[in-house]
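Peer 1: The structure under discussion is supplied below as structure tokens; questions concerning it will follow.
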Amino acid sequence: MEDCLAKKMEITVSEAEKRTGRNAMNIQETYTAYLIETRAVESQSEGQCGPVESLWRRYSEFELLRNYLSVTYPHIVVPPLPEKRADFVWHKLSADNMDPDFVERRRIGLENFLLRVASHPVLCQDKIFYAFLMQEGGWKELVNETGFQLKADSRLKALNATFRVKNPDKRFTELKHYSDELQSVISHLLRVRARVADRLYGVYKVHGNYGRVFSEWSAIEKEMGDGLQSAGHHMDVYAASIDDILEEEEHYADQLKEYLFYAEALRAVCRKHELMQYDLEMAAQDLTSKKQQCEELATGTVRTFSLKGMTSKLFGQETAEQREAKIKVLEEQIQEGEEQLKSKNLEGRDFVKSAWADIERFKEQKNHDLKEALISYAVMQISMCKKGIQVWTNAKECFSKM
């Protein structure tokens, strides 16, 4: 971890800016651009930093970077991007993806994505990622030149592999179930949190109503006026603090959402393993078929029914020379197939080893992050309750002095 880019460079997404331009179809569109600022840390011991470098990136460019990383490093749980459009939003907040509050939360999420990648022991060393941070012009051409799109597996092929793999790895099957459960639990938690935020909003608005009523009441009561006015003031201050609290609530929600999207990154690793296992099984099946054909030609016996065998019986057997030529071709194909099978087995073992190491790293990171987030959320809820108790304690003192 000492060699990670995050240790050598400060990376921030400092601001967002709404822009208007024309897309590839020459249609005018409005989009948001994000300013990425980087600064090399020249001496960690002295804390000296180099000059700030900056460039603008669109969300679609972040998507292109992540797609490239996912294809290039199929064994890695690639950090997810923040949502493109608002989801699991508490209903009092805007779901518009151009809403300033949503854009600000997405800016924080994009910065977190870059820091996750920069902190990863493998991804941080990628040259395309470094160019994304440092090279504004020509970066898209640079990433497209890698040809990563050609390596991307189609959804149909992945689905086919899921249903046709005969010997799935138990560990990856369990990991897929784990990712499904993680997504389900966090989705439910986000919905519950939204309902809690809604009720909380209602409670604070009730205090605002109390404040207004006490203030109006104080105007018609001479002896009780000061006490009612003071109690109303405490209620108003408490009600006004709801905006800051809900902003903090959304911050915790975004931390949970990151791991909601991480669940899909886990499934992507599982799908890649299924594809490799499927290719391995198909190669083994093809090799077995060729060996059987070779044996049948060499011995002159046909073990299984085939159209070829029926044709030979109807129109006569092949000559010895023809049979020898076919055997020679099959033997070459068998040798090539055995080498391919050996290579695929080795590739599969390397994939499992690398993937499992990264999955363990991810689980450790997840446990730490969610523990910190949930503890902070609990502390925040306790703090709010204490403030509520204090408000009514203050109100009680105001009433007692009347």
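Here, each number is a calculation from the coordinates, and none is a lab measurement. All values reported here derive from a predicted model rather than from experimental measurement. All Cβ positions, even for glycine, are placed from backbone atoms using ideal geometry, and neighbour counts span all protein chains on display.
Peer 1: Near the amide H of residue 15, under 5 Å away, which other amide H atoms are found, from residues 5 or more places off or on another chain, if H is placed in the peptide plane?
Peer 2: 35
Peer 1: With a 10 Å radius around each residue's Cβ, average the other Cβ atoms per peptide and rank 128-136, 259-267, highest first.
Peer 2: Details: 128-136: 17.2, 259-267: 19.0.
Output ranking for 128-136, 259-267: 259-267, 128-136.
Peer 1: Looking only at Cα atoms, what is the convex hull volume of the range 348-396 per residue, in Å³?
Peer 2: 33
Peer 1: So, one more: For a protection proxy built on the mean count of beta-carbon atoms within 10 angstrom, sort 280-292, 68-80 highest first, please.
Peer 2: 68-80, 280-292
Peer 1: Grab the DSSP H runs of the chain that are 4 residues or longer, score each as -39,500 (n - 2.57), total them, divide by all residues and round the 222 nm result to the nearest 500 deg cm²/dmol.
Peer 2: Numbers: 12 runs with 279 residues, N = 402.
The helix-only estimate for the chain comes to -24500 deg cm²/dmol at 222 nm.
Peer 1: Picking from 128, 14, 165, whose Cα lies most toward the positive end of the charge dipole for the chain (charges on Cβ: Lys, Arg +1; Asp, Glu -1)?
Peer 2: 165
Peer 1: State the antiparallel share, in %, of DSSP beta bridges confined to the chain, rounding to the nearest 5.
Peer 2: Of those bridges, close to 100 percent are antiparallel.
Peer 1: Taking 8 Å as the Cα distance limit and 6 or more residues as the minimum spacing, I'd like the relative contact order of the chain as a percentage. All intermediate terms of the calculation are to be shown ahead of the outcome.
Peer 2: Numbers: 411 pairs, mean separation 70.9, N = 402.
18 percent.
Peer 1: Which of these, 145, 111, 321, has the largest mean-square fluctuation under a Gaussian network model of the chain (Cα springs below 10 Å)?
Peer 2: Greatest mean-square fluctuation among the candidates belongs to 321.
Peer 1: How big is the charge dipole of the range 191-259 about its Cα centre, in debye rounded to the nearest 20, if each Lys and Arg gets +1 on its Cβ and each Asp and Glu gets -1 on its Cβ?
Peer 2: The dipole of the range 191-259 has a size of about 380 debye.
Peer 1: Let me ask something else. Amide H of residue 32: which non-local residues (sequence gap of 5 or more, or other chain) have their own amide H closer than 5 Å, using H built in the peptide plane?
Peer 2: Amide H to amide H, under 5 Å and 5 or more residues apart or across chains, residue 32 pairs with 19, 59.
Peer 1: Let me ask something else about it. Of the options 186, 217, 206, report the single residue whose Cα projects farthest towards the positive end of the charge dipole of the range 183-241 (beta-carbon charges: Lys, Arg +1; Asp, Glu -1).
Peer 2: Going by the charge dipole, the pick is 186.
Peer 1: Restricting things to Cα coordinates, could you compute the convex hull volume per residue of the chain in Å³?
Peer 2: 234
Peer 1: Where is the GNM fluctuation largest for the chain (alpha-carbon springs, 10 angstrom cutoff): 324, 338, 17?
Peer 2: Of 324, 338, 17, the Gaussian network model singles out 324 as fluctuating most.
Peer 1: So how strong a dipole does the chain carry about its Cα centre when Lys and Arg Cβ are +1 and Asp and Glu Cβ are -1, to the nearest 20 debye? Walk me through the intermediate numbers first.
Peer 2: Values: 57 positive and 65 negative charges, 270 e Å.
Here the size comes out at about 1300 debye.
Peer 1: Please give the peptides 113-125, 390-402 ranked by average Cβ packing (other Cβ atoms within 10 Å per residue), highest first, as a rough proxy for protection. All intermediate terms of the calculation are to be shown ahead of the outcome.
Peer 2: Details: 113-125: 19.2, 390-402: 14.2.
In descending order of packing, they fall as 113-125, 390-402.
Peer 1: I've got another one for you. Give me the percent relative contact order of the range 101-248, please, defined on Cα pairs under 8 angstrom at least 6 residues apart. Present the calculation step by step, with values, prior to reporting the outcome.
Peer 2: Details: 54 pairs, mean separation 20.2, N = 148.
Once normalised by length, the contact order is 14 percent.
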